[in-house]
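The next block holds one structure in the form of structure tokens; read it before the comments.
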Amino acid sequence: MLNSFQQGVIILVCINVIAVLGMSVLTGFTRLFSFGNAGFMSIGAYASAMLSVRLGMPFIISMVFGAAFAGFIAYLLGSLTIRLKGDYFLITCLGFGESVRVLFNYTRGITGGAAGFAGIPGTTTATIAVVCAVLAFIIAWTFIHSKFGRNLTAIRENEMAADAVGINTFRYKRLSFVFSAVFAGWAGALFAHYMRFITPADFSLAKSCELITTTVIGGLGSLTGSVLGALLVTLLPELFRGLAEYRMFLYGVAVVVVILLKPDGLYGYREFSLKRTINWWRNLPNMIREKSAQRKQRREKRGESK
Amino acid sequence: MSAKQESTKVLCMDKVEKHFGGVRAIDAFSLTLHEGVVYGLIGPNGAGKTTIFNTITGIYTPSAGKIHFYEKDITSIRPFEAAQLGIGRTFQNIRLFSNMSVLDNVVMACSMDADYKMPAAIFRLPKYRKLEKQINEKAMGLLETMGLEDRANERASSLPYGHQRKLEIARAMALNPKLLLLDEPAAGMNADEEIELVEFIKGIHQRFSLTILLIEHHMDVVANLCDHVTALNFGKTIAEGTPAEVKSNQAVIDAYLGVAK
């Protein structure tokens, strides 16, 4: 079977997939940028870890509570900040993410401070992680393909028009924010129970940036794109592991290249479709044949004119 | 005229004012709309026509005065509430959900018909399926009324200008509005398109027995469509009456062409 390194990679991929799916709903479908989702991850991680360690709760309860608690905090924060426009909202999220990190650093008595929180049971296995990721994808997919996702997309496309067709834009933006926080908290809970030891530094601004970058690379407005993005961004550094310190550099280059070549991301506004891919694959021989026929014709024409 | 006076009042604006700093965009403006009548709002640029639309739909809250919609006070309503009450509108500069398909634009406006909760959506319960199916049929039906059904799957932004205007009206109609506000529906159209648009608006007016208030600069459109016209300048009513009356009113001519000295 898989060795522990491979299992670890699978778990990390799944954790990122869940967090990025949340981000995708918020950024891809609602066009709200949050640089604070690592903060929600850490809330989910710490809340679930404390429940498991201090109260000896079973993993599933700690996990659900961690996710729900992150969502609750997002609800409170969103009620205050969601009315802010674009950049201002982004900055409040950034501030929130950082203040959570600092708070966990200073509350040594409760969270272990910068030295970290240890002794978390390592319940997250590759199987659990994969099941969670699949479940997260189904929830996100059904959510997006219902009036909820539609209303969020309407806000992204034109907020004034969304209002004019009776969508309570404030409520739906907050809903989207809470949704992304629940997913971030869920990912955080899995992360804590995989690493068994967490520190506030695990959830720094860099983590938030990574989540946003992954969502943008995968394609704003595409859930399958987000999954693909999360796969790439988590796996690429592992592939480049041999290159040691250059891997982050290569990662950065890859991000820039994708944005330059495909500004909408890998799957902008479109979902991956098996049918379309199969059709494309089936059509490939035809396409090649047509191309070569065209080339032949052109060559013959040139020959005639001579 | 007498029949009109007896019918139900749809909208009643009573001495509404809106100030932006020292500017009085609308100044003690009163307007009463009766059910089933097409009203026109004309006036030179900056007269305050769109501001009136924005106060009715809750984008602006009036600085003074009251607005009633079927007896209900909607003076400090929020935009989405106005839409939910049944005030549909289009925008002067078209505001479509441009990356979405033509059909989706209308479907997105049916959120009020989608009366299900999140579990129903996530578990795809029968209620969700039923309502979603109804919404799709309704949206398709509206597109057929507008003659856009062939373009249902095209991107909204790829439609020609005239069709975009129609789609915006279709989207407003998805709210089952009682009152439809059209902000310069004929802007940027040529004479042929204008005639088509007039027929089209007449059609939906009859079919859905709507009350319509429209802002328009093209006087032939106003003359063909409206039963009653209000002319506006500097946020104040300067003339009222049938299109012919208003057209020949000296104050209106002065407002548009300036006063001869």
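The values are calculated or read from the model by the stated rules, or taken from the named source; none is laboratory data. All of these numbers come straight from a predicted model, not from anything done at the bench. Don't worry about glycine lacking a Cβ; one is built from the backbone with ideal geometry, like all the others, and counts go over all protein chains shown. Protein only, heavy atoms only, side chains kept; ligands, DNA and RNA dropped before computing areas. Shrake-Rupley method; radii C 1.70, N 1.55, O 1.52, S 1.80 Å.
Of all residues in the stretch B:142-157, how many are away from chain A (no Cβ under 13 Å), part of a helix (DSSP H, G or I) and not basic (Lys, Arg)?
Here the count works out to 6.
Checking the structure you have, find out if any residue of the stretch A:252-262 is buried (at least 22 other Cβ atoms within 10 Å of the Cβ), touching a residue at least 12 places away in the same chain (Cβ under 8 Å) and of a type in the set (Gly, Ala, Ser).
no
Taking B:Ala121, is it at pLDDT below 95, outside the structural domain of B:Glu35 (by TED's automatic domain parsing), closer than 18 Å to A:Ile144 by Cα and buried (at least 20 other Cβ atoms within 10 Å of the Cβ)?
Against the criterion (at pLDDT below 95, outside the structural domain of B:Glu35 (by TED's automatic domain parsing), closer than 18 Å to A:Ile144 by Cα and buried (at least 20 other Cβ atoms within 10 Å of the Cβ)), B:Ala121 qualifies.
Considering each residue of the stretch B:70-104, count those that are at the interface with chain A (Cβ under 9 Å from one of its Cβ atoms), open to solvent by less than 30 Å² (accessible area, probe 1.4 Å) and farther than 22 Å from B:Asn54 by Cα, and give that number.
0
Looking at (1) buried (at least 20 other Cβ atoms within 10 Å of the Cβ); (2) closer than 19 Å to A:Asn151 by Cβ; (3) more than 8 Å from chain A (Cβ to nearest Cβ), which is the one condition that is false for B:Ser111?
Among (1) buried (at least 20 other Cβ atoms within 10 Å of the Cβ); (2) closer than 19 Å to A:Asn151 by Cβ; (3) more than 8 Å from chain A (Cβ to nearest Cβ), B:Ser111 violates only (3).
Going by the conditions given, is A:Ala181 at the interface with chain B (Cβ under 9 Å from one of its Cβ atoms), in a helix (DSSP H, G or I) and surrounded by 23 or more Cβ atoms within 10 Å (Cβ to Cβ)?
No: the conditions fail for A:Ala181.
Helices (runs of 4 or more DSSP H) wholly in the stretch A:85-177 with at least 2 residues that are within 10 Å of another protein chain (Cβ to nearest Cβ) - which ones?
Where helices (runs of 4 or more DSSP H) fall fully within the stretch A:85-177 and carry at least 2 residues being within 10 Å of another protein chain (Cβ to nearest Cβ), they are A:126-144, A:147-157, A:159-164.
So how many residues does the stretch B:23-53 have that are buried (at least 22 other Cβ atoms within 10 Å of the Cβ) and within 14 Å of chain A (Cβ to nearest Cβ)?
1
Could you check, for the stretch B:127-141, whether at least one of its residues is touching a helix residue (DSSP H, G or I) at 6+ places or on another chain (Cβ under 7 Å), part of a loop (DSSP other than H, G, I, E, B) and either within 12 Å of another protein chain (Cβ to nearest Cβ) or polar (S, T, N, Q) (or both)?
no
Quick one: count up the residues across the stretch A:1-56 that are within 28 Å of A:Leu220 (Cα to Cα) and either surrounded by fewer than 24 Cβ atoms within 10 Å (Cβ to Cβ) or hydrophobic (A, V, I, L, M, F, W, C) (or both).
Going through the stretch A:1-56 one residue at a time, the tally reaches 26.
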